[in-house]
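First up is the structure itself, then whatever we jot down about it.
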Amino acid sequence: MNDALLPGQEDQPRETMCSSCGRFVGALTRCPYCGARVTTRLSVRFFRYAALLLGTVGLGLLYVMARTQQIPRIKIADVKPTMNFAYVQVAGTVSGDARTFKEGGRIRSLRFMVDDGTGEITVNAYRSQAQALADAGRLPRLGDEVIVAGSLSVTADGDVIMRLQVPEQLIIASAEMATTPLGDIGTDMVGTSVLVEGVIVEVNAPGPTSRAPWNLVVRDDTGRGQITFWKDVHEEMPDKLLLMKDNRIRARVSVMTYRDAIQLSLARAADLEFLDKRSSKPAVSKTAGPGAASGRGEDIGIADITQDMAGRAVRIKGRVKEINPPKEPKAPQEVIVEEGESTIAVVYWDTVAKNLRDNTPIVGSNISVEGTVGVYEGKLQLKVNHSRQIKLLDAVPTRTEAPGEPVKIAAVTKAMLKQVCTVTGTLGEPRSIRGGVVYPLSDDSGEIQLVLWDRRVPGADRDKLSAGTRVTVTAEVDEYRGALQLVPSNPQNIRMEKEAAAK
Amino acid sequence: MSAALSVLVATLVGTVLSCVISVLPALHAYNVLGAFVMGMFALTARGIELAPEVYLPFMVGMIVGWSMLNTIPSILLGAPDESAMFTVLPGQKYLMFGRGYEGTMVTGVGGLAGVFFLVFIVGPFAPKVLPPVQEVLRLHMHWILWVIITFILMTEWPKGGNWGPGGWKKFFDAWRSLGAGLLTFFLSGFLGFILLYRSPVSVDVAFQNIMPAFVGLFAIPWCLLNIISGTRVPKQHISKSLDIDGDLILRSVGAGGLGGGFAAFFPVVTGGVGGLLAGHATAQRDERVFIMSQGVSKLVYYVGAFMLLFVPGLGITRGGAAWMMRQLYMPRTYYDYYMILAAIAIAGAVSFLMMSPLTRATIWFIEKTNYRNASVFALAIILAIVYVMTGWGGILVMTVATGIGLIPVLFASRRLNCLGVLLLPIACNMSGFGQDIAAWLGLI
């Protein structure tokens, strides 16, 4: 059989031998001896294209399969550690209002809980998905029936989180809710979501620096309820002006407890509906919130303000009778405004006072104040939340501070910055500064710098002053390098003792 | 004392078991660890709970042993995993010159140097240094990942088109391997998107979603290639000494530590990518440094990535083993960290000591029997693991991935392009538009 082989050809691969006659044929594809076709090995090219075909067609089929595959719906209790990264669907009830976490004005993430009866799972959405849901007003609320799909994250600690990848995969199927009478809401309903309807009895706005929530006391025929919401919810309200006493509202709220009292939590502005729009007249403002634009308050005489108007925004005009600096560090500034025989206390905090600038109340000046009517310790007051709400009606050039009741120098504190006060004391040795002169002014309680600028108190008027002269000065309190100083606006605000006594 | 003994015994058991896995071509430690984790869940479900002092060192032993000893089939059987792909060519050269034993041992020295690097350099400083580094880099990961992808794709070089008259034929010849590389990257990326959002693998074992794809992309093509290839391995010489010195070792640690460390620290970047970047960054041309640094890189990548989970205050999860570990245990204290460092040191020492006898045994096996049988055996084990763990869905994914994984092998482009399965979807997700692409594809 191997008689045609040359020496050494026994070791040649089988492909070089004719499979029919067994002779050596080398690279030929047909045996030159017997004419039979010689079996050849498959070309690599064949495998190349086979691999390409397998890869692309297989991937295409896998893609079609994936697209038509339903997202598996699971029970929360069935989640196991091996299901980490699984893309699944859960259907259940929202067991906690959606909470959004913001960063730089944009929503960073959104979180809510879903309970399907077998267990509870946290659902998170991040950035663009969370923002899209918020923009579309599709934030789930307590009690909503939802179907949500996303990828699971399961850790050894047993924490199970579902990450919502597409906003459209959150389907909120909230049923039409019946109105719950306020009197029926009890502790047994804590953790549920209810729809309430009633009339606003009281609006309690937080102070400008306060972190407290807004409070609305609402009543219906069966009882009362307290609706609370945070400042960000208030900011989102398109109808802020309607937040006023006697307005009728309908709200979807979550029942909670705070310090053993039932509280109705309003999670978002869209859940509050004003049933009558009585306050839509542009000239009459019902605003009650911080930052409200000035010029919208209802013009009213001071004598006409009553305790029933608590919570209502009004605008008054009058003359500043008295300015009472804060008695405690966190207490508000009080300005007593009079109109005829009637007076009212206008109160505002440091943040407002610092921004009043030329509108800083001056005793004796005419003033316009817009604020929210309030009652404090049985006394009426007008609460001002923004510097724009106070306007000095007297022209600034004629602004001569009428002397108020003199205060001791020690009573002049940083809380009175930019406020006008009257002090009586003795001048010390002056020293020149660029653009003016500084006198130490002292009384038995302490010493303060009196700064007389050339442009406000010209040299001719200053020449009348000398060390040892006793003066009564009405001036604005200012601060320079941590030290307080008094800066009178004109020579008339500095009266020497004899002059003062004559007046 | 009993805890220390548990750690010691478990480390030794894990390391010894890794010997069996390591010498089988294409069988990855992660495949076995996946099965181990599932076994742990099954035990827990039956009320049997093992102490962390048992399973943590066991896993470390497996990872360290495999990272070190997998060099043996990489060089002697030509069946590397993707992170060892750079050792194939120089390694094959060593093998064909009858120096397979030396090539294996040189890579093993690199692995041992990698253990020293992790235990004595990274270990003491990691808790102080890595958390602030992570904090700084956290917001930049996405664009760094895109730069890496660009680098991988742009550094592919044409394997043809060098000779002959210019024209379309030459143009297509030059672009054949480049095109195959790009096609591989985007096909595997597309596969990654499908697996991330709509995997055919059952949700009950979703933590192993990507495993069948990796098996198909990397393991099976090499098994098939080994089975059908007709290469005859020449007689191997068992040398008494190694052609290396301290300078070469230090240079290897520098290059390999950089590459492996980078791969371990950055998400989705694997040892192969780290090796590629470090190779270009350090430009070490000596073949011995090249082989040894791949040993360092591979060990630092696999072991370092696992170790990062235990670094107090860092809180990052990198690499398949760490992700699987998170299902079992969440480390938080220095106790865990020191235990892992101890296990790494012990496993490193034991696995290096096993390197020489295992290499000799493998060489004996190659000379005495048809080594393709080992590939057939490994292929059977891999198929069994994929089926048992992920069912027919996994087999389907594996088959499709095999088609994609064969493209670079048959068209002479980089197998690294198969990493598109992770790189592309994760880079898109980290940049914030992964979901949009998935939605556009109709996957979600």
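Farthest toward the positive end of the dipole of segment A:423-469, out of A:Thr469, A:Leu452, A:Tyr439, is the Cα of A:Leu452, where the dipole comes from beta carbon charges about the Cα centre.
Using +1 at the Cβ of each Lys and Arg and -1 at the Cβ of each Asp and Glu in the protein assembly as shown, identify which of B:Ile385, B:Ile316, A:Thr29 lies farthest towards the dipole's positive end. Projecting each Cα onto the dipole axis, the largest value belongs to A:Thr29.
Mean per-residue shielding of peptide B:173-183 is 1, counting Cβ atoms of other chains within 10 Å of each Cβ.
If I stretch the segment between A:Lys464 and A:Ile172 completely, what's the gain in nm (0.36 nm per residue apart, minus their alpha carbon distance), one decimal?
On the way: separation 292, 0.36 × 292 = 105.12 nm, distance 8.06 nm.
Here the segment from A:Lys464 to A:Ile172 would lengthen by 97.1 nm.
A simple charge model with +1 on the Cβ of Lys and Arg, -1 on the Cβ of Asp and Glu and nothing else charged puts the dipole of segment A:76-173 at about 460 debye relative to its Cα centre. Measuring between their Cα centroids, segment A:418-476 and segment B:88-140 lie 79 Å from each other.
For the residues of B:36-43, the average number of beta carbons from a partner chain within 10 Å of their own beta carbon is 1.
Measuring from a point 7 Å past the Cα of A:Val57 along Cα-to-C-beta, which residues in segment B:394-438 have an amide N at less than 18 Å? Correct set: B:396-407.
Send over the per residue convex hull volume for segment A:182-274, Cα only, as a whole number of Å³.
Roughly 89 Å³ of hull volume per residue.
Using only Cα atoms, locate the centre of segment B:250-301 and the centre of segment B:150-195, then give the distance between them in Å, rounded to an integer. After rounding, the separation between the Cα centres reads 25 Å. The charge dipole of chain B, taken about its Cα centre with unit charges on the Cβ atoms of Lys, Arg (+1), Asp and Glu (-1) only, comes to about 740 debye. Taking every DSSP helix (H) stretch of at least 4 residues in chain A, weighting each as -39,500 (n - 2.57) and dividing the sum by the residue count yields a mean residue ellipticity at 222 nm of -3000 deg cm²/dmol. Using the average count of surrounding beta-carbon atoms within 10 Å as a protection proxy, the listed peptides B:51-62, B:174-185, B:300-311 rank, highest first, as B:300-311, B:51-62, B:174-185. Taking 4.7 Å between beta carbons as the limit, the unpaired Cys residues of the protein assembly as shown are A:Cys421, B:Cys19, B:Cys223, B:Cys418, B:Cys428.
With a ≥ b ≥ c the root eigenvalues of the C-alpha gyration tensor of segment A:115-161, is it rounded (a/c under 1.5), prolate (a/b larger than b/c) or oblate? In terms of gyration-tensor shape, oblate. Between the beta carbons of A:Glu341 and A:Trp453, assuming R0 = 45 Å, the FRET efficiency works out to 0.70 to the nearest 0.05. Inter-chain neighbour count for A:59-69: the average number of beta-carbon atoms from partner chains within 10 Å of each residue's beta-carbon is 6.
The alpha carbon gyration tensor of segment A:298-392 gives principal lengths a ≥ b ≥ c with a/c below 1.5, which makes the shape rounded.
Around the Cα centre of the protein assembly as shown, unit charges on the Cβ atoms of Lys, Arg, Asp and Glu (plus for the first two, minus for the last two) sum to a dipole of about 2980 debye. Neighbours of A:Ala483, meaning other residues whose beta-carbon lies under 11 angstrom from its beta-carbon, give a summed charge of -1 when Lys and Arg score +1 and Asp and Glu score -1. The HN-Hα couplings worked out from phi for segment B:267-272 by the Karplus form 6.51 cos²θ - 1.76 cosθ + 1.60 (θ = phi - 60°) are x, 6, 5, 9, x, x Hz, whole numbers, x standing for Gly and Pro. Here is how the number arises for chain B: DSSP H runs of 4 or more residues each give -39500 (n - 2.57), the sum is divided by the residue count, and the result at 222 nm is -24000 deg cm²/dmol.
In chain A, the ratio of gyration radius to Kirkwood radius, Rg to Rh, stands at 1.36 when only Cα atoms are counted. Within chain A, the longest run free of exposed loop sites, counting GluC sites (Glu not before Pro) that sit outside DSSP helix and strand states (H, G, I, E, B) and have at most 14 other Cβ atoms within 10 Å, spans A:1-175.
Residues in segment B:60-67 carry Karplus couplings, in order, of 4, x, 5, 5, 5, x, 5, 4 Hz; the curve used is 6.51 cos²θ - 1.76 cosθ + 1.60 with θ = phi - 60°, and Gly or Pro positions show x. Note on B:Met96 and B:Leu353: the model spin-label points, each 7 Å out from Cα along the C-beta direction, lie 3.7 nm apart. Across segment B:3-440, Cα-Cα distances exceeding 33 Å account for 31% of all pairs. For a quick check of your reading of the filter: which trypsin sites (Lys or Arg not before Pro) in segment B:264-302 sit in a DSSP loop and have no more than 12 other Cβ atoms within 10 Å? Taking segment B:264-302 and a limit of 12 other Cβ atoms within 10 Å, the loop trypsin sites (Lys or Arg not before Pro) found are B:Arg285. Counted over the protein assembly as shown, the DSSP beta bridges are approximately 90% antiparallel.
Were the residues from B:Ile381 through B:Leu139 laid out at 0.36 nm apart, the gain over their Cα-Cα distance would be 83.0 nm. Derived value for the protein assembly as shown: Kirkwood hydrodynamic radius 34.8 Å. Basis is the mean of 1/r over every pair of different alpha-carbon atoms. Near the amide H of A:Ala36, within less than 5 Å, lie the amide hydrogens of A:Cys31, all on another chain or at least 5 residues away, with H placed in the peptide plane.
Rounded to 0.05, the FRET efficiency of the B:Ala281 and B:Phe186 pair, given R0 = 25 Å and the Cβ-Cβ distance, is 0.40.
Restricting to DSSP loop positions (anything but H, G, I, E, B) with no more than 15 other Cβ atoms inside 10 Å of their own Cβ, which trypsin sites (Lys or Arg not before Pro) remain in segment B:319-361?
Working: sites: B:Arg326, B:Arg332, B:Arg360; in loops: B:Arg332.
In loop regions of segment B:319-361 (DSSP not H, G, I, E or B), the sparsely surrounded trypsin sites (Lys or Arg not before Pro) are B:Arg332.
Between B:Phe120 and B:Lys159, full extension at 0.36 nm per residue minus the direct alpha carbon distance yields a gain of 9.8 nm. Dipole of segment A:182-274 computed with +1 at Lys/Arg Cβ and -1 at Asp/Glu Cβ about the Cα centre; of A:Ala212, A:Thr187, A:Ile249, farthest Cα towards the positive end is A:Ala212. Within the set A:Lys383/A:Lys408; B:Lys93/B:Lys368; A:Lys354/A:Lys414, which residue pairs have Cα atoms separated by over 18 Å? From A:Lys383/A:Lys408; B:Lys93/B:Lys368; A:Lys354/A:Lys414, over 18 Å: A:Lys383/A:Lys408; B:Lys93/B:Lys368.
What FRET efficiency, computed as 1/(1 + (r/R0)^6) with R0 = 22 Å and r the Cβ-Cβ distance, is obtained for A:Arg73 and A:Lys102, rounded to the nearest 0.05? Efficiency at R0 = 22 Å is approximately 0.10.
Read the figures in this text as sums done on the coordinates, not as results from a lab. Since the structure is predicted, the reported quantities are computational estimates derived from the model, not experimental observations. So basically every Cβ, Gly included, is an ideal-geometry build from the backbone, and we count neighbours across all protein chains shown.
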